[in-house]
1. Once phi is turned into θ = phi - 60°, what whole-Hz ³J(HN,Hα) does the Karplus curve with 6.51, -1.76 and 1.60 give for every residue of the stretch 73-80, x standing for Gly and Pro?
2. Check the straight Cα-Cα distances from residue 230 and name the lysines below 19 Å, setting aside those fewer than 8 residues away within the same chain.
3. Could you tell me the relative contact order of the chain? Use alpha-carbon pairs under 8 Å, at least six residues apart, and round to a whole percent.
4. List the residues, sorted by chain then number, that are 5 or more residues from residue 173 or on another chain and whose placed amide H is less than 5 Å from its amide H.
5. Could you give the accessible area per residue of the stretch 28-152, probe 1.4 Å, as a whole number in Å²?
6. Can you give the helix-only mean residue ellipticity at 222 nm for the chain, where every DSSP H stretch with n ≥ 4 adds -39500 (n - 2.57) and the sum goes over all residues, rounded to the nearest 500 deg cm²/dmol?
7. Can you spot the lysines whose alpha carbon is less than 21 Å from residue 171's alpha carbon? Ignore those fewer than 8 places along the same chain.
8. What does the stretch 37-186 give for Rg and for Dmax, in Å, if only its C-alpha atoms count?
Amino acid sequence: MNQYLVAFIIICYFGLLIFISRITSKNADNSSFFNGNRKAPWYVIAFGMIGSSLSGVTFIALPGWVGNSHFYYFQLVIGYFIGYIIIANILLPLYYKLNLTSIYTYLEQRFGDTSYKTGAVFFLISRTLGSALRLFIVARVLQIAFFDYFNIPFVFTAIATVLLIWVYTNKGGLKTIIWTDTLQTFFLIAAVIFTIITIAKEIDFGGLSMIQAISNSEYSTIINTDWNSKFHFLKQIVSGMLITIVMTGLDQDMMQKNLSCRNLKDAKKNMYWYASGYLVVNLVFLALGALLYMYINQIGLDMFAQSDFGYNAETQSYVNTDDLYPFLAMNNFGVVTGIVFLIGIIAAAFSSADSALAALTTSFTIDIIGIKNKTEQEIKKQRQKSHILFSGILAIVIIAFHMLNDNTVIDAIFTIASYTYGPILGMYAFGLSTTRAIKDSYMLPIAIASPCVCLAISFASAKLFHYSFGYEILLLNGLLTYAGMLLISSKQIQLNKQ
């Protein structure tokens, strides 16, 4: 693709986002940045949340994953759906009852300051790593499509990628993001549908014959019954449910959007419609993956068709299946598809990263620095400094991941989440299921010890029993945190703190 055309597309795209930002950030204040003044329509939030959840990871990595793991990912998505229903009926009522801006304030009310700070810090670590990994995908695509042509190093690409997000989120925060994410969700869904139509024409499929071909292919297998596999259906459904509870329900990023609804009723409607839409959209992405592999099998593109979990037997080398969709879109399907793909991947990555940056800023400003007894102007200054701080951190982590990456990004994100979100899961589970008090000062050591023990158990299990833990390690992590809290608890009733 012509690099000057790529530059023009990028400039126009971000020009549109900045234009929306200028409109939506008029008269913006701290409340606008943190919760959108709690005036956002629920249906707009629901649609935009689909894009935030999908991110560049789903857009690029998921179609490539189909060649190695079929439609097994949909087992996780079923678990996600169950998790969303739990969030809507258990966590959202709690958050609205307590009128929270940062959801980790609950931990302070329930246990104390150390637990509060611990939960916030684990979120900051988890979301920073996850968001950086997601942004890494779009930075890599932009590097290949544009910056490599001018011999510009990846370090510059990473910094420019984060800087663009900072520009259009700096003033309006969540108030702006709600509307930019809606636009970006439309772009990414339109891009994948356009690609599916293009591939169907390439391999001479009509609508019905395409559906039948996907359904009859080896790729469409959804249920895995091999207990020793990390893709076993029970492990995946339970893991998906828990991942959703922690990465949505216990995550400031996603809950910040839900808390911008006018009331609890709207927030629940948002969650139900978002959950249903997420099921459908993920199935479309998996269908795209199947079509991509059918296409490369037809044209004989062996470097992907012959790969087994990334290993090419002919060349005796590893192939990153994350590259399948971008490789074909940019090289095989024509200029128009390449343009649509580029817009789609940018939209997918930035719809996730912009809200994450706002959530990191919100949590650090409220939970770590604190806003009690401070003026609006003082809060604004510390919010702006936090926004710049986390923009820089994201850029540094993206560069580090570029240097160290040796795994598919989608797997890396969920693996990280299984370890870093486990303590948060255990803390909320203990708080909601008991009325016991804890020795608050002991919470941080327990939260650190839990994932470390899980890591040791995972290695030992694989070596001694040939059992490989998948994302269900999150459940073990949460249980260990829960057990640790039980050991430092007393029978003192704390109903007044709930």
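1. 4, 5, 4, 4, 5, 4, x, 4
2. Partners found: 463.
3. 32
4. none
5. Values: 3380 Å² over 125 residues.
Per-residue value: 27 Å².
6. -23500 deg cm²/dmol
7. 26, 39, 257, 374, 380, 381, 385
8. Considering the stretch 37-186 through its Cα atoms, Rg and Dmax are 18.5, 55 Å.
The values are calculated or read from the model by the stated rules, or taken from the named source; none is laboratory data. Predicted, not measured: the structure shown is a model, and the values here were computed from it. With ideal geometry, Cβ positions are generated from the backbone for all residues, glycine too; neighbour counts draw on all protein chains shown. To get the accessible areas, we keep the full protein, side chains included, count just its heavy atoms, and leave off ligands, DNA and RNA. Shrake-Rupley method; radii C 1.70, N 1.55, O 1.52, S 1.80 Å.
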